[in-house]
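Colleague: Before I ask anything, here is the structure I am working with.
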Amino acid sequence: MTFDTRLLTGAGVLAAVTETGNFARAAEMLGLTPSGVSRAVARLEARVGVRLFDRSPREVVLTEEGRRFHAQVMPLLAGLEEAAADAAGTAIVVAGRLRISVDPWFARTVLAPRMQEFLARHPLLSVDLMTSNYREEMMAGIDVAVRFGPPETSSLIARQLLEVPVLTCAAPAYLEKHGMPATPHDLVHHEVLLFRDPSTGRPFPWEFHGHGEVLEIKASGRLMMDDPSAALAACIAGQGIFQSLAIGMVPFLSRGELVQILPDWSEELYPLFAYHPSRHLPPAKVRAFLDFVREIANTGSAWAGSVS
C-alpha cells in the first residue's frame, strides 16, 4: 500500500489550527495563506471522510470526530519530530555502533593496535570490526569499508586515505640459497609467492616502478595465497620472494627476518580507499572514523624506514 503524503501534510495543518484556534493564526505559524490552510483542511476532511472542524466567524473548533483523530495523530507527529531530532543528532554526536569492514592486513598492522585510542576519544561509541579482502557485498550491513586498490565504479562514495609503497622482499635463508636478484628480470629464475587478486581470482601482476619506467615481469610460482599474513609467513620461512605493501613491514625488516630486494625499483604506490554509502552528510561516527584512519595511516610510522 502506497502512503498518501497528503495525510501527513494535512495532519500538520490540523495540529496548527487546533493549537492556534483559527485559520489565520495557523497560516502565520505555517508560512501559508489562510485560504491555503482552509484548502488543506478540506482535503484532509475529504480524505478521512468526516468533518473535523466546526467553523464560525469567531473560532474553529474540533468536532467529536476531529478530537478523536487529533488524539490519534498527535503521538505520531511527536514521533516524527523525535526521529528527526535523533537523525540530526547522529550528524553531530559520535555515538552508537559503528560497523566497519577492513582489509585484513591494514586491520592487523595499523588499525587494531590503535583502536583503543579511537574508542577512548569517543566513549559513546562501540565498534564492530570485520575483516575481508573482498569487495562483493562489502557494504552489506556496514557503515564504512576500507580496501586497498583502485576504486570501482559504484554508487558508493570513495575517499582515498593514502598511497602505500610496494616492496619486494625475501628471507636471508632464501637469498643465501638462490642468490640476490640484480634486476627485476632475474626473478624469472626465482620462486615467487603469488598473491590472489580478490576481485579477479588471478594472481596480482608483478610490476616494478623505477628509473622512469614500469616493468611487468612474468614471475611464476607454485604457491598462491589470498591471505597476506600467510604469504608473509611463507616468505619468512624462505619459501620464495614476495611483493608486499610496505605498511606493517618495519618490524620484519628491522629484525632481519626479511631483506628488501631491488630497492631501486620500489616506486610503485598502491592506494587505500574508504567507502561509505552515497549521502551528502555521513553520520558523525563515520566521519570520525575516516579522520582517525587518515591520521594514523599518514603518520608514516607504519612503513617509514622500510623502503629507500
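Colleague: Please return the longest stretch of the chain lacking exposed loop sites, where GluC sites (Glu not before Pro) count only if DSSP places them in a loop and at most 11 other Cβ atoms lie within 10 Å.
Modeller: Here the longest run is 138-308.
Colleague: Report for the range 146-238 the percent antiparallel among DSSP-assigned beta bridges with both residues inside it, nearest 5.
Modeller: Within the range 146-238, antiparallel bridges account for around 65 percent of the total.
Colleague: Still on this structure: When the accessible area of the range 105-156 is split by element with a 1.4 Å probe, what percent falls to carbon and sulfur?
Modeller: Solvent-exposed carbon and sulfur of the range 105-156 make up 54 percent of the total.
Colleague: Still on this structure: Could you derive backbone 3J(HN,Hα) for the range 129-136 from the dihedral phi with the Karplus parameters 6.51, -1.76 and 1.60 (θ = phi - 60°), listing whole Hz in sequence and x where the residue is Gly or Pro?
Modeller: 9, 10, 10, 6, 7, 8, 9, 4
Colleague: Just grab the label-to-label distance for Arg43 and Ile92, each label 7 Å out from Cα along the Cβ direction, in nm (one decimal).
Modeller: 3.2 nm
Colleague: Which whole-Hz couplings ³J(HN,Hα) result when phi for each residue of the range 158-173 is put into the Karplus expression 6.51 cos²θ - 1.76 cosθ + 1.60, θ = phi - 60°, listed in order with x for Gly and Pro?
Modeller: 10, 10, 6, 9, 5, 10, 10, x, 9, 10, 10, 9, 8, 7, x, 4
Colleague: Just order 51-57, 20-26 by mean Cβ neighbour count inside 10 Å, highest at the front, would you?
Modeller: In descending order of packing, they fall as 20-26, 51-57.
Colleague: For the chain, what is the per residue volume of the convex hull drawn over the alpha-carbon atoms, in cubic angstrom?
Modeller: 178 Å³
Colleague: In whole percent, how big is the carbon plus sulfur part of the accessible area of the range 206-279, probe 1.4 Å, protein atoms only?
Modeller: The value for the range 206-279 is 50 percent carbon and sulfur by accessible area.
Colleague: Which value, to two decimals, describes the C-alpha radius of gyration of the range 221-277 once divided by 2.2 N^0.38 Å?
Modeller: Dividing the Cα radius of gyration by 2.2 N^0.38 Å gives 1.30.
Colleague: Oh, and also: As an exercise, identify the chymotrypsin sites (Phe, Trp or Tyr not before Pro) in the range 164-227 lying in DSSP coil whose Cβ has no more than 16 other Cβ atoms within 10 Å.
Modeller: Here no loop site has a sparse enough neighbourhood.
Colleague: Could you work out how far apart the two model spin labels at Leu77 and Tyr270 are, taking each label as a point 7 Å from the Cα in the direction of the beta carbon, and quote it in nm?
Modeller: Rounded to a tenth, the inter-label distance reads 5.8 nm.
Colleague: Counting only heavy atoms of protein chains, what accessible area per residue, in Å², does the chain have with a probe of 1.4 Å?
Modeller: Normalised by residue count, the accessible surface of the chain is 53 Å².
Colleague: Right, here's the next one. At 222 nm, what value in deg cm²/dmol follows for the chain if DSSP H runs of at least 4 each add -39500 (n - 2.57) and the sum is divided by all its residues, to the nearest 500?
Modeller: So the calculated ellipticity at 222 nm is -11000 deg cm²/dmol.
Colleague: What trypsin sites (Lys or Arg not before Pro) in the range 179-240 are in a loop by DSSP, with at most 10 other Cβ atoms within 10 Å of the Cβ?
Modeller: Lys218, Arg222
Colleague: Test of understanding: what is the full-extension gain from Glu152 to Arg55, defined as 0.36 nm times their sequence separation minus their Cα-Cα distance?
Modeller: Residue separation times 0.36 nm, minus the Cα-Cα distance, leaves 28.8 nm.
Colleague: Taking amide hydrogens as modeled 1.01 Å from N in the peptide plane, which residues meet the under 5 Å criterion relative to Tyr270, leaving out close sequence neighbours?
Modeller: Sorted by chain and number, the residues that satisfy this are Val164, Val166.
Colleague: Another question, if that's okay. So, R0 is 45 Å and r is the distance between the beta-carbons of Glu295 and Thr33; what FRET efficiency does that work out to, to 0.05?
Modeller: Once the sixth-power term is evaluated, E becomes 0.25.
Colleague: Another question, then. What are the ³J(HN,Hα) couplings of the range 181-198, residue after residue, when phi is run through the Karplus curve with 6.51, -1.76, 1.60 and θ = phi - 60°? Round to Hz, x for glycine and proline.
Modeller: Here the 3J(HN,Hα) series is x, 8, 9, x, 5, 5, 5, 5, 9, 10, 8, 10, 9, 8, 10, 7, 6, x Hz.
The values are calculated or read from the model by the stated rules, or taken from the named source; none is laboratory data. Everything quoted here is computed from the prediction, not taken from an experiment. Note that we place each Cβ from the backbone using ideal geometry, even for glycine, and neighbour counts take in every protein chain shown. Just the protein is used for accessible areas: all its heavy atoms, side chains included, with ligands, DNA and RNA removed. Shrake-Rupley method; radii C 1.70, N 1.55, O 1.52, S 1.80 Å.
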